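Heads up, the thing below is written out as structure tokens.
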Amino acid sequence: MATQPVSDMTDEQFDRHAMTILARELGAGGLARFISLHRSGPGDYTADRHQWLAGVTIEDIARELTK
């Protein structure tokens, strides 16, 4: 299968293409290490989310959706 130019790829196609190259060059263990280093952001999203949403009700959310 011929690879299309990177500039013509969707984000999903580019991600799949890049992962294929990384797996080939780094092996499965190297790819797993790369993903663990680069796919998770810093901080504790769950704790942050609880702080951001403290006091927000379902009615607040519904009201925002109807704006």
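Values quoted throughout were computed directly from the atomic coordinates according to the rules given, and no laboratory measurement underlies them. The model shown is predicted, which means the values in this text are computed figures rather than measured ones. FYI the Cβ positions are ideal-geometry reconstructions off the backbone, even for glycines, and counts take in every protein chain you see.
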List, please: which pairs have Cβ atoms under 8 Å, are six or more places apart or on different chains, and start with a residue in the stretch 13-36 that is closer than 15 Å to Thr3 by Cβ and end with one that is in a helix (DSSP H, G or I) and β-branched (Val, Ile, Thr)? Phe14/Val6; His17/Val6
Provide a single number: the residues in the stretch 5-20 that are surrounded by 11 or more Cβ atoms within 10 Å (Cβ to Cβ) and of a type in the set (S, T, N, Q). 2
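Find the residue count for the stretch 56-67, including only residues that are exposed (fewer than 10 other Cβ atoms within 10 Å of the Cβ) and not in a helix (DSSP H, G or I).
Step one: of the stretch 56-67, the residues exposed (fewer than 10 other Cβ atoms within 10 Å of the Cβ) are 57-59, 62, 64-67.
Okay, now just the ones that are also not in a helix (DSSP H, G or I), so 57, 66-67.
Total satisfying the criteria: 3.
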Filter result (loosely packed, with under 11 Cβ neighbours inside 10 Å, of a type in the set (Lys, Arg), within 19 Å of the chain's Cα centre (by Cα) and in a helix (DSSP H, G or I)) within the stretch 21-55: Arg49
